[in-house]
Amino acid sequence: MRAVVITKPGGPEVLEIEERPRPVPAPGEILVRVYASALNRADLLQREGNYPAPPGAPQDIPGMEFAGEVAQLGAEATSWKIGDRVFGIVAGGANAEYLVTDAGTVARVPENLSWTDAASIPEAFITAHDALVVQAGLQAGEMVLVHAVGSGVGLAVIQLARAWKATPFGTARTADKIERAKVFGLADGVVVRDDVGVIPPALVQLTKEHGVDVTIDLVGGAYVAASIRAAAARGRIMLVGTVAGREATVPIGMVLGKRLTLRGTVLRPRSIAEKRAVTATFATDVVPLFASGVLRPTVDCVFELGEIRAAHERLASNATFGKVVIRVD
Ligand SMILES: NC(=O)c1ccc[n+]([C@@H]2O[C@H](COP(=O)([O-])OP(=O)(O)OC[C@H]3O[C@@H](n4cnc5c(N)ncnc54)[C@H](OP(=O)(O)O)[C@@H]3O)[C@@H](O)[C@H]2O)c1
């Protein structure tokens with residue numbers, strides 16, 4: 001099979017398309033013919049040598065989400081039939097023509113979704129739903145804030161917040177992403193240039209003095225303190241990403257005084273049992289909303305497998321709005 005291979009740590013130029021043996025499904029696993037995959041920040045870090053794949057995952061074939069057809073069943077993998085359309089997350093190996101994965105960590109693709117639309121969904125929407133609804137316990141009527149609103153996960157958060165009858169606000173570094181996000185349900189946003197100090201007063205005003213109940217922080221760094229200052233009493237702040245920095249100085253007294261919850265989350269290193277659980281929740285609570293058209297895929301652009309270097313450059317540019325998708329014909 002053709003696969004993207006990280007030949008050594010470095011920039012996009014270290015990525016090559018190579019022939020690799022087709023993997024064989026172990027008991028409980030399925031072989032999937034991948035028709036599309038999508039990129040994530042973790043792929044860039046892995047390519048640079050800063051985020052190795054967890055044990056058991058392909059070490060040098062990147063790719064953490066896919067959509068494709070079941071091509072072979074391992075022993076005991078009785079829940080699927082050959083030819084079923086499935087999508088899901090994996091700890092690596094999705095930028096290839098075939099992958100093997102646990103049969104319980106895929107969901108059925110609704111008929112109305114193309115391969116490229118389907119591949120744009122799992123990582124962003126599982127991350128967003130798990131953080132916003134499962135872990136932060138979002139309630140109808142609450143105020144939501146997401147940093148990097150035009151990111152793949154950011155646009156998922158906005159749509160899910162609306163579907164759960166909450167009001168989503170967001171930040172971005174350019175005004176155009178705020179405007180484009182309004183099409184997906186963003187109530188309003190704040191453009192953050194050099195100073196995150198603009199965030200708390202803006203959110204006080206936008207939430208009519210209430211403050212933010214649930215913050216999904218996709219960027220970290222100085223945004224963490226700003227999220228604390230913008231929070232409502234008993235607010236929940238989910239730390240999901242660190243593109244703006246891995247360290248932060250925070251106003252601890254305010255965390256105590258407002259009785260806030262700060263919680264970190266990550267999907268990739270979770271156990272198979274945890275990934276089965278998160279996938280089952282995704283399949284029952286999120287996928288039907290794509291079938292009914294309540295949620296929409298957010299594809300920024302589509303590259304061919306052979307254009308993987310350009311795809312990485314596009315994601316690293318920060319110019320994307322939504323997901324960078326890889327077609328695997
Ligand atoms: N914990 C998990 O399991 C998990 C899973 C998936 C993703 N994530 C994380 O969630 C975040 C979003 O992921 P994604 O794939 O949706 O990202 P994405 O589509 O690549 O978008 C990331 C956006 O972050 C903004 N950004 C980049 N550097 C920034 C900085 N220094 N300060 C402020 N904003 C910055 C940029 O938008 P602007 O130019 O508009 O600011 C960029 O477009 C990433 O940090 C990713 O690592 C975590």
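Taking the Cβ of A161 as the center, what net charge do the other residues with Cβ under 15 Å away carry, scoring Lys and Arg +1 and Asp and Glu -1? Computed value for this residue: -1. Here is the list for segment 258-310: trypsin sites (Lys or Arg not before Pro) lying in DSSP coil, each with at most 13 other C-beta atoms within 10 angstrom of its C-beta, are R259. Once the chain from E69 to E307 is taken as fully extended at 0.36 nm per residue, the excess over their C-alpha distance is 83.4 nm. Given the C-alpha centroids of segment 145-174 and segment 233-288, what is the distance between them in whole angstrom? If you average the Cα positions of each part, the centres end up 15 Å apart.
Of the GluC sites (Glu not before Pro) found in segment 109-193, those that fall in a DSSP loop while having at most 10 other beta-carbon atoms within 10 Å are E111. Of all DSSP beta bridges confined to the chain, the antiparallel ones make up roughly 50%.
In terms of the mean number of neighbouring beta-carbon atoms within 10 Å, the peptides 236-242, 299-305 order highest first as 236-242, 299-305. For the chain, lysine pairs with C-alpha atoms less than 28 angstrom apart, excluding pairs fewer than eight positions apart on the same chain, total 14. How much FRET efficiency would the formula 1/(1 + (r/R0)^6) give for T78 and A283, where r is the Cβ-Cβ distance and R0 is 25 Å, rounded to 0.05? Efficiency for this residue pair is about 0.90. A Förster radius of 41 Å combined with the Cβ-Cβ distance from K165 to N112 puts the calculated FRET efficiency at roughly 0.95. Can you compute the label reach from R173? Point 7 Å from Cα along the Cβ direction, backbone N cut-off under 20 Å, restricted to segment 117-150. Answer for segment 117-150: 146-150. Exposure proxy for S120, S114, S151: other Cβ atoms within 10 Å of each Cβ, ordered fewest to most, give S114, S151, S120.
Each reported figure results from applying straightforward, stated rules to the coordinates on display, with no laboratory input. In this text, all values refer to a predicted model and were calculated from it rather than measured experimentally. Neighbour counts are summed over all protein chains in view; Cβ atoms, including those assigned to glycine, are modelled from backbone coordinates with ideal geometry.
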